[in-house]
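Student: I'd like to ask some things about the structure below.
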Amino acid sequence: MKTSWRSASLVASAAAVLALTTACGQDNGADASSQNVGAAAPAAVGGTVAGTSTAGTGTGTGTGTGTGTDATGEQAAAGNSAAAGQLNVVASAEIGKVLASGSGRTIYRFDADTAEPPKSNCDGDCATAWPPVPAGDVTAGAGIDAALLGEVTRADGAKQLTVGGWPAYYYAKDTAPGDIKGQGVGGKWYGLAPDGKKATLASLPGLSTRNDPKLGEIVIDKNGMTVYRFLKDTQWPMSTKCTDACLEKWPVVAPVDAEDTKGIDLQGSTPNRGYVVFDRPDGIKQQSIDCVPIYTFANDKEPGDTNGQGVGGTWYAVAPDGKAIGAPNQ
């Protein structure tokens, strides 16, 4: 996945911070089971996986949202379940080490599946959006333990590759080698790491961005959770209408050093006046982007969730410049 990052400078002296705060005009008022042939797969011969045959009757039909569509709400184009060939480990700046096929296609896992025993819950339309990786003609490249490779028999009788017990998939919307458009889709799909776990970086910047399949480039916090803004808050002067019980559902984003950001517009609509800390009337310090207070949503349980988008017609995901994505008049 190619992501374009914008950068900007921010003077870090105390005097500059005070000037920025003043500039914002802060207002302090108110399938059947199948055997685990991944982790305990027979030893590879000549690098080729020697998995065993198992039975399975997967019944899932969703893409992570329980439907035959992806997170954009659109039917995904049919994908090609091409043989993976030699599996390779790719170092992604976004998600760390992830498996890819010999042709460079990113390989994913699905949280609704199981690894012990291996079981695929992605069939029908789901398998169109997320084509299963065939178990045949697979070899383990450098950095991959061949003993972790195995197979599971799908409902249609096809043999699907497993890694550490987890069934492996491609994403139909990955159209070029190196694409990782499926990462985080529906909060259930993630790149497959060489050990079978989810491919994620050990740590993210305090604030950064990710490319959401439906919303585009959105701001996320250090835990990968979606960041939102509240349309009832004001920018000039900066004030908040989310207090008390509201904060239980919409926790504030704590202050983040400018140096601990990636892809955030630090300049704002007025140069050098966009990235400041909001001193709330309740004594809590809250980060802002372009003088817009920012929050996360308690009902987002995993990275990739965007359950807060459009709630009450007042809560929206945040663009790198602080704008509310998808809100009226934005």
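The values are calculated or read from the model by the stated rules, or taken from the named source; none is laboratory data. Model, not experiment: these values are computed from the prediction. Cβ placement follows ideal geometry from the backbone for every residue including glycine, while neighbour counts extend to all protein chains displayed. What goes into the accessible areas is simple: the full protein's heavy atoms, side chains included, and nothing from ligands, DNA or RNA. Shrake-Rupley method; radii C 1.70, N 1.55, O 1.52, S 1.80 Å.
Student: Of all the residues that make up segment 124-141, how many are in a loop (DSSP other than H, G, I, E, B) and either among the aromatic types (Phe, Trp, Tyr) or open to solvent by less than 20 Å² (accessible area, probe 1.4 Å) (or both)?
Tutor: 5
Student: Among the residues of segment 166-177, write down those that are more than 16 Å from the chain's Cα centre (by Cα) and open to solvent by 10 Å² or more (accessible area, probe 1.4 Å).
Tutor: Of everything in segment 166-177, those that are more than 16 Å from the chain's Cα centre (by Cα) and open to solvent by 10 Å² or more (accessible area, probe 1.4 Å) turn out to be TRP166, ALA172, THR175, ALA176, PRO177.
Student: Quick check on segment 300-310. Is at least one of its residues within 16 Å of MET238 (Cα to Cα), open to solvent by less than 60 Å² (accessible area, probe 1.4 Å) and among the polar types (S, T, N, Q)?
Tutor: no
Student: Here's a follow-up. Out of all the residues in segment 285-299, is one or more surrounded by fewer than 19 Cβ atoms within 10 Å (Cβ to Cβ), within 25 Å of GLU94 (Cβ to Cβ) and in contact with a helix residue (DSSP H, G or I) (Cβ under 9 Å, 6 or more places away or on another chain)?
Tutor: Yes, segment 285-299 contains at least one residue that is surrounded by fewer than 19 Cβ atoms within 10 Å (Cβ to Cβ), within 25 Å of GLU94 (Cβ to Cβ) and in contact with a helix residue (DSSP H, G or I) (Cβ under 9 Å, 6 or more places away or on another chain).
Student: A further question follows. I'd like to know if segment 261-270 contains one or more residues that are out of contact with any strand residue (DSSP E or B) (no Cβ under 8 Å at 6 or more places or on another chain), open to solvent by 40 Å² or more (accessible area, probe 1.4 Å), modelled with pLDDT under 95 and small (Gly, Ala, Ser).
Tutor: Yes, segment 261-270 contains at least one residue that is out of contact with any strand residue (DSSP E or B) (no Cβ under 8 Å at 6 or more places or on another chain), open to solvent by 40 Å² or more (accessible area, probe 1.4 Å), modelled with pLDDT under 95 and small (Gly, Ala, Ser).
Student: Can you name the strands (runs of 3 or more DSSP E) wholly within segment 69-114 that have at least 1 residues being farther than 19 Å from GLY136 by Cβ, modelled with pLDDT under 95 and open to solvent by 20 Å² or more (accessible area, probe 1.4 Å)?
Tutor: Fully inside segment 69-114 and qualifying: 85-92, 96-100.
Student: Moving on. Between a first residue in segment 293-311 that is closer than 19 Å to VAL256 by Cβ and a second residue that is modelled with pLDDT under 95 and surrounded by fewer than 21 Cβ atoms within 10 Å (Cβ to Cβ), which pairs have beta carbons less than 6 Å apart while being 6 or more apart in sequence or on different chains?
Tutor: Sorted first by the residue in segment 293-311, then by its partner, the pairs are PRO303/GLY224.
Student: Okay, moving on. Pairs please, first residue from segment 171-195 and within 15 Å of CYS126 (Cβ to Cβ), second anywhere and open to solvent by 30 Å² or more (accessible area, probe 1.4 Å) and part of a helix (DSSP H, G or I), Cβ atoms under 9 Å, 6+ apart in sequence or on different chains.
Tutor: If the second residue must be open to solvent by 30 Å² or more (accessible area, probe 1.4 Å) and part of a helix (DSSP H, G or I), the pairs left are ALA172/THR128.
Student: When residues of segment 232-244 are filtered for being out of contact with any Phe, Trp or Tyr (no Cβ under 8 Å at 6 or more places or on another chain) and open to solvent by less than 70 Å² (accessible area, probe 1.4 Å), how many remain?
Tutor: 6
Student: Same structure again: Return the residue satisfying two criteria in turn: it lies in segment 271-289 and is at pLDDT below 95 and closer than 19 Å to ILE218 by Cβ, and of such residues it is nearest to the chain's Cα centre (by Cα).
Tutor: TYR275
Student: May I ask you to verify whether LEU204 is out of contact with any helix residue (DSSP H, G or I) (no Cβ under 9 Å at 6 or more places or on another chain), among the aliphatic types (A, V, I, L, M) and under 30 Å from ILE107 (Cα atoms)?
Tutor: yes
Student: I've got another one for you. Output the residues belonging to segment 142-165 that are surrounded by fewer than 17 Cβ atoms within 10 Å (Cβ to Cβ), assigned to a loop (DSSP other than H, G, I, E, B) and out of contact with any helix residue (DSSP H, G or I) (no Cβ under 9 Å at 6 or more places or on another chain).
Tutor: ALA142, GLY143, ASP145, GLY157
Student: Pairs, please: C-beta under 6 Å, at least 6 apart or cross-chain, first residue closer than 12 Å to TYR295 by Cβ and in segment 232-251, second hydroxyl-bearing (Ser, Thr, Tyr) and buried (at least 17 other Cβ atoms within 10 Å of the Cβ)?
Tutor: Here the result reads ASP233/THR240; TRP250/TYR295; PRO251/THR296, each pair linking segment 232-251 to a residue that is hydroxyl-bearing (Ser, Thr, Tyr) and buried (at least 17 other Cβ atoms within 10 Å of the Cβ).
Student: Across segment 292-304, what is the number of residues that are closer than 14 Å to TRP250 by Cβ and not in a strand (DSSP E or B)?
Tutor: Of the residues in segment 292-304, 6 are closer than 14 Å to TRP250 by Cβ and not in a strand (DSSP E or B).
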